[in-house]
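To start, the structure itself, in structure tokens.
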Amino acid sequence: MSASPDLPDVVERAFQVSRRAGYVSFCRNETGRLLAMLAATRDGTMAEFGTGCGVGTAWLRSGVRGEKARIVTAELDPKLAKAAGEIFAEDDQVEVLAADWSTLLDRGPYSLLFLDSGQPGQVSVDAVADLVEDGGIVVLDDFTPCEVWPPITYGRVDTLREEWLTDPRFTAVEVMVASDASTIIATKR
Ligand SMILES: C[S@@+](CC[C@H](N)C(=O)[O-])C[C@H]1O[C@@H](n2cnc3c(N)ncnc32)[C@H](O)[C@@H]1O
């Protein structure tokens, strides 16, 4: 079995900042690699709702091609936002805001939107559909793979997942990033 690929430098730096802050709620590497790959297909402005300590942002940044694309990310907790800001202090393609994600409503449309605030009620299709440009991509993380339809989580229909997978404004797919984790990727039609 071969070793997994090295982490990009910017992701290593984000992990160091997370460790110093004692913060563990970051996206897993499998999702990070997916974010990097998607970011490599994007121009324009990408946005993240819920920065945490900047690990997901760092994965997005690692995939960015060229100097035109930008990433803006909002974190409600000012201490976390400050810590994440350190990672990108010298990087004028990344902006970390200590703010509610709703601050980003005025800055779209986005070419990629990573919805990771951990607040499922805030990330309905209706709440964000107009923020995404045509052909833009939305990523939602932290689902448990489920083989039945409609999807069930903790004994209940997972209405958020159902909504994202069926809304006619998007073409969406649930992708397993590990045997116990899946992600929804949705492209605006
Ligand atoms: C799962 S963590 C984010 C992990 C990060 N995206 C990553 O991949 O490393 C969720 C973060 O969202 C933040 N958050 C929760 N509600 C928020 C809101 N309304 N606006 C901005 N950030 C929020 C939390 O403080 C928490 O740090």
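The values are calculated or read from the model by the stated rules, or taken from the named source; none is laboratory data. What you are looking at is a predicted structure, and each value in this text was computed from that prediction instead of being measured. Neighbour counts run over all protein chains shown; Cβ positions are idealised from the backbone, glycine included.
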Exercise for review: Examine the stretch 177-189 for a residue that is over 27 Å from Val17 (Cβ atoms), in a helix (DSSP H, G or I) and not aromatic (Phe, Trp, Tyr), and state whether such a residue exists.
Suggested key: no
Point to revise | Residue satisfying condition, being closer than 19 Å to Glu30 by Cβ and at pLDDT 95 or above, within set Leu80, Leu131, Leu97, Leu140 | key: Leu140
Review point. Could you list, in sequence order, the residues of the stretch 112-167 that are touching a helix residue (DSSP H, G or I) at 6+ places or on another chain (Cβ under 6 Å), free of Cβ contacts under 8 Å to residues at least 40 places away in the same chain and among the charged types (D, E, K, R)?
Key: Glu163
Practice item. Sort out which residues of the stretch 7-35 are among the basic types (Lys, Arg) and free of Cβ contacts under 8 Å to residues at least 24 places away in the same chain, and write them in order of number. Key: Arg19
Exercise for review: Return yes when Gly108 is touching a helix residue (DSSP H, G or I) at 6+ places or on another chain (Cβ under 6 Å), more than 13 Å from the ligand (Cβ to nearest atom) and among the small types (Gly, Ala, Ser) and no when it is not.
Suggested key: yes
Practice item. Give the number of residues within the stretch 128-176 that are over 19 Å from Gly108 (Cβ atoms), under 20 Å from the mean Cα position of the chain (by Cα) and part of a loop (DSSP other than H, G, I, E, B). Key: 3
**Study point:** Where Pro8 falls short, out of the listed (1) farther than 26 Å from Thr144 by Cα; (2) touching a Phe, Trp or Tyr at 6+ places or on another chain (Cβ under 9 Å); (3) buried (at least 21 other Cβ atoms within 10 Å of the Cβ)
**Key:** (3)
